[in-house]
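Here's the structure we're looking at; comments come further down.
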Amino acid sequence: MDRANEITEQLRAIRNVESVVVYGPDEANLLIVTTDLEPATLRTLADPVRWWIKKTASWPRLFTAALIQDSLDVFPIEILELSQRRRVLYGNDPFVAVRIDHGALRIQCERELREKMMRLREAYVEHHGTYDLVDVSRQTFARIFRGCLVLFDMPVPTDDDDVIKALCARLDLDARPFFDGDFESYYRVLSATEARIDRLIVSKRRRYEAQ
């Protein structure tokens, strides 16, 4: 029995579990939707969650259906990440009614870009010449770029490298620094991306609907 089937069998036996979803390119990420998140319910998840962490080294995300909806305006990038590349193992699809507001998404994309750029500058001061900062930070920015592609009403590829290439093409920026390790060029492209998202105006009526 593979890990997806095994965790499904463990969780479906718990009364308060409503849905079990795996997501991500290798389905190593797990989301559990329960009727509530009270301590008594959380205790019932302990054994399956420990088993999953031992198998995947990945902590499951714990939600209620209401919490997913309540998080849309605060964590749209995270909900977007959870809703894409998902497979429902048990119960109803918790993302079938998800509608992500483009205004909230733009704000978080800008905030995340600014915060990650700040961290990148700090890391460069401390570690330049020690290890490849482009390589260790590329995936972090690709995650934000997924949200940026949604803002431009563009398809979001599965592969991180394709996400980077797609957004750079949309913004008429050179994607090569993300792959050749040239930090100064990489930094300039990221700065230009940050500026473009800062200036982007989106309609408050636009919504992203999970497929």
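Just so you know, in the range 111-153 the residues that are closer than 22 Å to Leu167 by Cα and of a type in the set (Phe, Trp, Tyr) include one that is surrounded by the most Cβ atoms within 10 Å (Cβ to Cβ), and it is Phe145. For Asp161, the test of being surrounded by fewer than 18 Cβ atoms within 10 Å (Cβ to Cβ) and without any contact (Cβ under 8 Å) to a residue 12 or more places away in the chain is failed. For the range 16-36, the candidate set comprises residues that are of a type in the set (A, V, I, L, M, F, W, C) and not in a loop (DSSP other than H, G, I, E, B); within that set, the residue that is farthest from Glu6 (Cα to Cα) is Val33. Provide a single number: the residues in the range 79-92 that are of a type in the set (Asp, Glu) and in contact with a Ser or Thr (Cβ under 7 Å, 6 or more places away or on another chain). Looking only at that region, the number is 0. Within the range 138-170, which residues are among the aromatic types (Phe, Trp, Tyr) and part of a helix (DSSP H, G or I)? The answer is Phe141, Phe145.
Tell me, please, whether a residue that is of a type in the set (D, E, K, R) and part of a loop (DSSP other than H, G, I, E, B) can be found in the range 108-124. No, the range 108-124 has no match at all.
Table: residues versus (1) more than 12 Å from Leu11 (Cβ to Cβ); (2) surrounded by fewer than 15 Cβ atoms within 10 Å (Cβ to Cβ); (3) in contact with a Pro (Cβ under 8 Å, 6 or more places away or on another chain); (4) in the same structural domain as Arg106 (by TED's automatic domain parsing).
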site	(1), (2), (3), (4)
Val49	no, no, yes, no
Lys54	yes, yes, no, no
Arg61	yes, no, no, no
Glu81	yes, no, no, no
Asp93	yes, no, no, no
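Could you say whether any residue in the range 96-105 is of a type outside the set (Gly, Ala, Ser) and either in contact with a Pro (Cβ under 6 Å, 6 or more places away or on another chain) or under 24 Å from Asp180 (Cβ atoms) (or both)? Checking the range 96-105: at least one residue is of a type outside the set (Gly, Ala, Ser) and either in contact with a Pro (Cβ under 6 Å, 6 or more places away or on another chain) or under 24 Å from Asp180 (Cβ atoms) (or both).
One line per residue, one yes/no per condition, for (1) free of Cβ contacts under 8 Å to residues at least 12 places away in the same chain; (2) within 19 Å of Arg111 (Cα to Cα):
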site	(1), (2)
Arg146	no, yes
Leu149	no, yes
Phe152	no, yes
Ala169	yes, no
Asp174	no, no
Ser185	yes, no
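The values are calculated or read from the model by the stated rules, or taken from the named source; none is laboratory data. In this text the structure is predicted, and so the values were computed from the model without any measurement. A quick note on method: Cβ atoms are made from the backbone with ideal geometry, for glycine too, and the neighbour counts reach across all protein chains shown.
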